[in-house]
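A short write-up of the structure that comes next.
Taken together, the values in this text are just the output of simple stated rules run on the coordinates, not laboratory data. Since this is a predicted model, take the numbers as computed values, not measurements. All Cβ positions, glycine included, derive from the backbone under ideal geometry; neighbour counts span all protein chains shown.
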Amino acid sequence: MRTDLHGPLSAYAARLHATAGDGHHVASPLGAWLLLAVTATTADGDPAVADQAAAQLAQALGTDLPSAAEVARTLLDAPHPLVGSATALWHRTGQGDDRPAAWRAALPSTTEVGALPDQAGLDAWAREHTLGLIETFPLKVDWDVAFILASALATRVSWATPFDVADARALGVDSPWAGQLRRALRSPSEGHRCAIVSTARAGDVIVHAAPAQTTDSAGLVVLSVAAAPHVPPADVLAIAYDLSAGVADGAQPAGSRSLFDLPLGETPLWMLTEERVHTWARDGREERHTAVLPCWSARNDHELTAPALGFAAAVDLLAKALALPVERFEARQTAVARFDRYGFEAAAVTGMAGITSMPPEGVARTAELRFGHPYAVVAVATDAETDGATGPWHGVPVFSAWVAEPEDVPEA
């Protein structure tokens, strides 16, 4: 699964982070990619009938639509113990209900499908599926919203081995943060992984990996990568995604440098010293690494309407599946994260909405039904399954009444 997804997701991450700019930010390219991949489940899998929107969506996903759809189903139907995930498709009641249900069956089994909630309902969904880290849904619902497709990802983990604390001056004399902060984090003597890695894209970079406490065989590793200050953020992020391919297995990064191949002294990325020690190293040369990092947090709202991100095509395909007229779309993501001495937490909610035009002018009649004199009441049991089958109680009248003596509504 990692091999199938890693390349397309890395390419998508490069485009999404490019739209976010070079400033401090957090995002979830996976949250956005999964939303597109869920949309791919509703598309016709026959290449002979694929339209322009399907081709554009496949280009954004970096793979064919059936493969993307299968990845979405696999990830969402087998959630990770440390990464909560949820998806939902909501549409206006009475709109899209009369379409064949084939597209529903193709969705991941965990995808919620139902009537479009009000704003309070959307906000509650965001809170519920992000451990309370995100309070409000990234999109606003109004009368012209025909449907919303949403995804949520969230994690809150503790490090298997917490960081130690260091004076912030350990960040180095060239660090602009050394004078702004009082304390920083230092990797513990055991449990974290560090390396200096040679890359074609940015020369030597430094790498730190902090593993979280595991649940059974499942875990989470947070990888930090820094390059020389002049290297563009896009290049550093791309290198981080490249290196992340092996970090889950605990492998030494490809291109790792021996400390004995580097000159002693200080650079913007490290300080290398040497001392005489007693060591069991086979060649008498022992290599030790530590890392000094700051705590950090971020909260960002991202506009996802750039053509390269694929949401215009996704809305077109979903509108076709639902047979709903859509004039325009909105797509946004809210993401938060915090990295500190004891752990890491992050969440993202991504939403895309199909917007209809104002309906043509007509005439509406409203009837207010008035039960102002004696009337009949019958209570009927329902027993319907999701597949349309009904149980023995379905449609059976259980109680009945003749109402001739009304009462006031209680105060409470």
- Note on the structure: Taking Cα pairs closer than 8 Å and at least 6 residues apart, the relative contact order of segment 78-215 in percent is 23 percent
- Among Phe260, Gly179, Ala238, pick out the residue whose Cα is farthest towards the positive end of the charge dipole of segment 164-293, where Lys and Arg carry +1 and Asp and Glu carry -1 on C-beta, about the Cα centre. Gly179
- Task: Can you tell me the 0 to 90 degree angle between the C-alpha axis of helix 311-322 and the longest principal axis of the chain, rounded to 10?
- Result: 30 degrees
- Query: Rounded to the nearest 0.05, what FRET efficiency is calculated for Asp142 and Arg282 with R0 set to 51 Å and r the Cβ-Cβ distance?
  - Reply: 0.15
- Message: If you fit an axis through the alpha-carbon atoms of helix 233-247 and take the longest principal axis of the Cα set of the chain, what angle between them do you get, 0 to 90°, nearest 10?
- Response: 90 degrees
- Dipole magnitude (debye, nearest 20) for segment 102-185, charges at Cβ of Lys, Arg, Asp, Glu: 300 debye
- Tilt of helix 29-40 relative to the longest C-alpha principal axis of the chain, in degrees (0 to 90, nearest 10)? 40 degrees
- Note on the structure: Exposure-ranked with fewest Cβ neighbours within 10 Å first, Asp118, Asp64 stand as Asp118, Asp64
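How about segment 322-412: which GluC sites (Glu not before Pro) there are in a DSSP loop, with at most 10 other Cβ atoms within 10 Å of their Cβ? Intermediate results must be reported in sequence, preceding the final value.
Working: sites: Glu327, Glu330, Glu345, Glu361, Glu368, Glu385, Glu407, Glu411; in loops: Glu327, Glu361, Glu368, Glu385, Glu407, Glu411.
Those satisfying the criteria are Glu361, Glu368, Glu385, Glu407, Glu411.
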- Message: Quick query: amide H of His394 versus all other amide H atoms, modeled in the peptide plane; which residues come in under 5 Å with a sequence gap of 5 or more or a different chain?
- Response: Asp383
- Under the helix-only model (-39500 (n - 2.57) for each DSSP H run of 4 or more, divided by the residues of the chain), the mean residue ellipticity at 222 nm, to 500 deg cm²/dmol, is -7000 deg cm²/dmol
- For Glu128, net neighbour charge (Lys/Arg +1, Asp/Glu -1) across residues whose Cβ lies under 13 Å away: -2
- Message: Placing unit charges on C-beta atoms (Lys and Arg positive, Asp and Glu negative, everything else neutral), compute the dipole magnitude of segment 164-293 about its Cα centre in debye, rounded to 20.
- Response: 220 debye
- Which net charge results when you count Lys and Arg as +1 and Asp and Glu as -1 among the other residues whose beta-carbon is under 14 Å from that of Phe371? -2
- Query: To the nearest µm²/s, what D does Stokes-Einstein give for segment 164-293 at 25 °C and 0.890 mPa s, using the Kirkwood radius over alpha carbon pairs as Rh?
  - Reply: 152 µm²/s
- ³J(HN,Hα), Karplus 6.51/-1.76/1.60, whole Hz, each residue of segment 131-136, x for Gly, Pro: 6, x, 6, 10, 8, 10
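Hey, what did the chain get for relative contact order, percent, Cα under 8 Å, at least 6 apart?
20 percent
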- Just need the Rg to Rh number for the chain, please, alpha carbons only, Kirkwood Rh. 1.10
- Message: Need one number: nm distance between label points at Ala298 and Tyr375, each 7 Å from Cα along Cα→Cβ, rounded to one decimal.
- Response: 5.8 nm
